[in-house]
Amino acid sequence: MAMRMIQVAESSGRSVSDYERQTARLTKSTSTSSLRPRAATRNVRGSRKAPVHCVLAPKEGTGISEAESEDWGPGSWRNKEAMQQPTWPDQDKLEDCLDMIKKYPPLVFAGEAKTLKDRLADVCLGRGFLLQGGDCAESFAEFRADNIRDTFRVLLQMSNVLMYSSGLPVVKIGRMAGQFAKPRSADMEEIGGVSLPSYRGDNINSDEFTPEARIPNPERLLRAYNQSAATLNLLRGFSTGGYAALTRVTDWNLDFMEDTEQGARYRELANYLDEALQFMSACGMTAEHPIMRQTEFYTSHEALLLDYEQALTRVDTTTDKWYGCSAHFLWVGERTRQLDGAHLEYIRGINNPIGIKISNKCPPAELVELIETINPTNEPGKITVIIRMGAGNVREYLPGLVKAVSAAGQHVVWVSDPMHGNTVKSDSGYKTRPFESIREELRAFFDVHDELGTHPGGVHLEMTGQNVTECTGGMAEVEDSDLPLRYHTHCDPRLNAAQALELAFLIGNRLRKKKNCIKEMNGPCETE
Ligand SMILES: O=C[C@H](O)[C@H](O)COP(=O)(O)O
Ligand SMILES: C=C(OP(=O)(O)O)C(=O)O
Ligand SMILES: [Mn+2]
């Protein structure tokens, strides 16, 4: 990962905007329902402590920071309704934990987020492809070096498959190092006649089905921050320290995949790449070259838990702009993307590249307005629209969305999330996703873009490097009855490593056909 330092003010000697002062005084919602929106207006209570925000002192000579002079602040979301926030039982403890996080170092640097935006601008113009993937919900229980390594490794394998077939650079973003908070369909979960508050992610409560475990505990925020920092540290090590060196392309096969069809296909491709690398080395592009030794890898999560996001929102002193420093890329979920809601308010003010999840419930005009709100200057690379609606809906609704955005002249990266529109309850009672439905949604996504002449810019997957049995189908032939064998997810079912790689080969075939068809300019692309 490219690293560039931004300076962050410590807890003294800085100026604080009116918004910061105002929002530091606001009490949190006392709603008893965790799905109930946070109240738009609240009682004002005395500030327990001086507000601690990592705003820098104004730049010398300018008088006031540009960021602070705008009608936005990291806490201005508190004046809007925030959906899907937990009800913390102990507000003082929450404040204490947030105060600590506000003083912690940022997890990412503004320069990295800026570089990612540049990479996504290329994708937007059809000169790249985005691969975004990882757990639905990271967890404390599954926090192990081998889990991080295996997800990273399968993403590397997939990106090789995609680069080889498409001839395009692949931008890699993990749903990693911060993907903890979960929006839920229901406020309560019922098992065997017992009803308890839903699990909302390991940074809030535990998925254990006991009344105590389901109580939101803000100390979990500190643990999530620390886990994110350690995960990022390892990912930085892998991506820049030699693990991801292209010369190791043949070493990236996962042990348990060696005997699978996908493992064999990857080995074959890796051997081709190895030969090509030997050729390049003979030409003078040796293994020591940074392009050969390192890869760029970025992190992302849903910007759901706004208290936490605010605590990690910092000013980049080189540009005087605000960045969400909990991850390089943040997205707003389908359940929290209300135009007048708190999540839009927060997200519109930070300068990171931003994703918006879109289902068939979003009319074209609303999407145009969402994009305009977050990206009024129409900066390419700023917005990634992540379509998740099921194959049938993609064919019916995506053309209208694409046409409206194109007619408005808006620059976006179009990405398919073929997971969230395809969740079903299996006969055995597990939430699952049939591989064939996932594949069908991707096929529909590519077809629509081919028909409209727009760029299918990428995929967003819930997946893991582990050999889990959570999604059915694929060549690995996971059956309904296999689901209990290795069902480890804390929220939604993920593709296992073999299924993820199989999907990469299928997408790769599609991208290869598109490339050849563009090259030959001979009418409509052959589809798969
Ligand atoms: O990951 C997305 C959502 O949090 C998840 O799909 C919600 O699942 P639920 O419908 O079981 O609440
Ligand atoms: C909550 C998620 O997605 P969506 O907002 O699309 O439902 C998710 O990506 O885990
Ligand atoms: Mn999910």
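The values are calculated or read from the model by the stated rules, or taken from the named source; none is laboratory data. Note that the structure is a prediction, hence the values are computed from the model and not measured. Using ideal geometry, Cβ is built from the backbone for each residue, glycine included, and neighbour counts are taken over all protein chains shown.
For Asp71, which of the numbered conditions (1) at pLDDT 50 or above; (2) in a loop (DSSP other than H, G, I, E, B); (3) touching a helix residue (DSSP H, G or I) at 6+ places or on another chain (Cβ under 8 Å) fails to hold?
That leaves (3) as the condition not met.
(1) surrounded by 21 or more Cβ atoms within 10 Å (Cβ to Cβ); (2) under 27 Å from Lys182 (Cβ atoms); (3) among the charged types (D, E, K, R): which one isn't true of Lys114, the others all being true?
Of the numbered conditions (1) surrounded by 21 or more Cβ atoms within 10 Å (Cβ to Cβ); (2) under 27 Å from Lys182 (Cβ atoms); (3) among the charged types (D, E, K, R), the odd one out for Lys114 is (2).
Select from the stretch 478-494 the residues that are within 24 Å of Ser198 (Cβ to Cβ) and either among the hydroxyl-bearing types (Ser, Thr, Tyr) or within 16 Å of ligand 1 (Cβ to nearest atom) (or both) and list them in ascending order.
Leu483, Tyr487, His488, Thr489, His490, Cys491, Asp492, Pro493, Arg494
What strands (runs of 3 or more DSSP E) completely inside the stretch 305-373 contain at least 2 residues that are over 22 Å from Gln85 (Cβ atoms) and touching a Phe, Trp or Tyr at 6+ places or on another chain (Cβ under 8 Å)? Steps first, please.
Values: elements: 313-316, 321-324, 329-332, 354-358.
Output list reads 313-316.
Output the residue which, of all residues in the stretch 123-134 that are surrounded by 18 or more Cβ atoms within 10 Å (Cβ to Cβ) and not hydrophobic (A, V, I, L, M, F, W, C), is nearest to Phe329 (Cα to Cα).
Gln132
For Tyr164, are the conditions met, namely being closer than 26 Å to Gly324 by Cβ and away from ligand 1 (no atom under 16 Å from the Cβ)?
Working: closer than 26 Å to Gly324 by Cβ: no; away from ligand 1 (no atom under 16 Å from the Cβ): yes.
Criteria not met by Tyr164.
From Thr454, Thr469, which residue is of a type in the set (Ser, Thr, Tyr) and within 26 Å of Met176 (Cβ to Cβ)? Spell out how you get there, then give the answer.
On the way: Thr454 fails: within 26 Å of Met176 (Cβ to Cβ).
Exactly one of Thr454, Thr469 is of a type in the set (Ser, Thr, Tyr) and within 26 Å of Met176 (Cβ to Cβ), namely Thr469.
Rundown of residues vs (1) more than 17 Å from Leu306 (Cα to Cα); (2) in a loop (DSSP other than H, G, I, E, B); (3) modelled with pLDDT under 95, yes/no style:
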position: Leu196; (1), (2), (3): yes, no, no
position: Tyr199; (1), (2), (3): yes, yes, no
position: Asn203; (1), (2), (3): no, yes, no
position: Ser206; (1), (2), (3): yes, yes, no
position: Ala224; (1), (2), (3): no, no, no
position: Leu232; (1), (2), (3): yes, no, no
position: Leu235; (1), (2), (3): yes, no, no
position: Ala244; (1), (2), (3): yes, yes, yes
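Kindly check whether there is at least one residue in the stretch 109-122 that is in contact with a Leu (Cβ under 6 Å, 6 or more places away or on another chain) and not acidic (Asp, Glu). Reasoning before the result, please.
To start, the set of residues in the stretch 109-122 that are in contact with a Leu (Cβ under 6 Å, 6 or more places away or on another chain) comprises none.
No, the conditions are met nowhere in the stretch 109-122.
Pull up the stretch 135-160, narrow it to residues that are of a type in the set (A, V, I, L, M, F, W, C) and in a helix (DSSP H, G or I), then point me to the one that is surrounded by the fewest Cβ atoms within 10 Å (Cβ to Cβ).
Within the stretch 135-160, the subset of a type in the set (A, V, I, L, M, F, W, C) is 136-137, 140-141, 143, 145, 148, 152, 154-156, 158.
From what is left, the residues that are in a helix (DSSP H, G or I) are 145, 148, 152, 154-156, 158.
Values: Ala145: 11, Ile148: 24, Phe152: 25, Val154: 28, Leu155: 27, Leu156: 24, Met158: 27.
Filtering first and then ranking leaves Ala145.
Please pick out the residue among Asp255, Asp340 that is within 23 Å of Gly134 (Cβ to Cβ), more than 16 Å from ligand 2 (Cβ to nearest atom) and of a type in the set (Asp, Glu). Walk me through it before giving the result.
On the way: Asp340 fails: within 23 Å of Gly134 (Cβ to Cβ).
Among Asp255, Asp340, only Asp255 is within 23 Å of Gly134 (Cβ to Cβ), more than 16 Å from ligand 2 (Cβ to nearest atom) and of a type in the set (Asp, Glu).
Every residue, every condition in (1) under 22 Å from the mean Cα position of the chain (by Cα); (2) more than 13 Å from ligand 2 (Cβ to nearest atom), yes or no:
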residue: Asn360; (1), (2): yes, no
residue: Glu379; (1), (2): yes, yes
residue: Gly392; (1), (2): no, yes
residue: Gln410; (1), (2): yes, yes
residue: Val415; (1), (2): yes, no
residue: Met419; (1), (2): yes, no
residue: Ser426; (1), (2): no, yes
residue: Glu441; (1), (2): yes, no
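For the stretch 450-486, enumerate the residues that are out of contact with any Lys or Arg (no Cβ under 7 Å at 6 or more places or on another chain) and within 16 Å of ligand 2 (Cβ to nearest atom).
Result: Gly458, Val459, His460, Leu461.
From the list Ser437, Ser406, Ser428, which one is hydroxyl-bearing (Ser, Thr, Tyr) and part of a loop (DSSP other than H, G, I, E, B)? Please lay out each step first, then the result.
Values: Ser437 fails: part of a loop (DSSP other than H, G, I, E, B); Ser406 fails: part of a loop (DSSP other than H, G, I, E, B).
Being hydroxyl-bearing (Ser, Thr, Tyr) and part of a loop (DSSP other than H, G, I, E, B) holds for just one of Ser437, Ser406, Ser428, which is Ser428.
In the stretch 309-333, which residue that is among the acidic types (Asp, Glu) and within 23 Å of Ala121 (Cα to Cα) is farthest from ligand 2 (Cβ to nearest atom)?
That would be Asp320.
Take the residues in the stretch 503-528 that are of a type in the set (D, E, K, R), under 16 Å from Ser416 (Cβ atoms) and not in a loop (DSSP other than H, G, I, E, B); name whichever of them is modelled with the highest pLDDT. Let's see the steps before the verdict.
Within the stretch 503-528, the subset of a type in the set (D, E, K, R) is 510, 512-515, 519-520, 526, 528.
Narrowing the set further to residues that are under 16 Å from Ser416 (Cβ atoms) leaves 510, 514, 528.
Subsequent filtering for residues that are not in a loop (DSSP other than H, G, I, E, B) retains 510, 514.
Values: Arg510: 96, Lys514: 89.
Here the residue is Arg510.
Here is a check on your reading of the model: is Phe256 modelled with pLDDT of 95 or more and aromatic (Phe, Trp, Tyr)?
Working: modelled with pLDDT of 95 or more: no; aromatic (Phe, Trp, Tyr): yes.
Criteria not met by Phe256.
Can you name every residue in the stretch 259-284 that is surrounded by fewer than 14 Cβ atoms within 10 Å (Cβ to Cβ), touching a helix residue (DSSP H, G or I) at 6+ places or on another chain (Cβ under 8 Å) and either modelled with pLDDT under 90 or of a type in the set (Ser, Thr, Tyr) (or both)?
Residue satisfying the conditions is Tyr272 alone.
Looking at Gly341, Gly324, which one is farther than 23 Å from Cys97 by Cβ, more than 16 Å from ligand 1 (Cβ to nearest atom) and among the small types (Gly, Ala, Ser)?
Details: Gly324 fails: farther than 23 Å from Cys97 by Cβ.
The unique qualifying residue is Gly341.
Any idea how many residues of the stretch 450-473 are more than 16 Å from ligand 3 (Cβ to nearest atom) and over 28 Å from Thr384 (Cα atoms)? Break it down stepwise before answering.
Looking only at the stretch 450-473, we keep the residues that are more than 16 Å from ligand 3 (Cβ to nearest atom), and these are 450-458, 465-467, 469, 472-473.
Then keep just the ones that are over 28 Å from Thr384 (Cα atoms); that gives 467, 469, 472-473.
Summing the residues that are more than 16 Å from ligand 3 (Cβ to nearest atom) and over 28 Å from Thr384 (Cα atoms) in the stretch 450-473 gives 4.
Output the residue which, of all residues in the stretch 449-467 that are buried (at least 22 other Cβ atoms within 10 Å of the Cβ) and among the hydrophobic types (A, V, I, L, M, F, W, C), is nearest to the chain's Cα centre (by Cα).
Of everything passing the filter in the stretch 449-467, Leu461 is nearest to the chain's Cα centre (by Cα).
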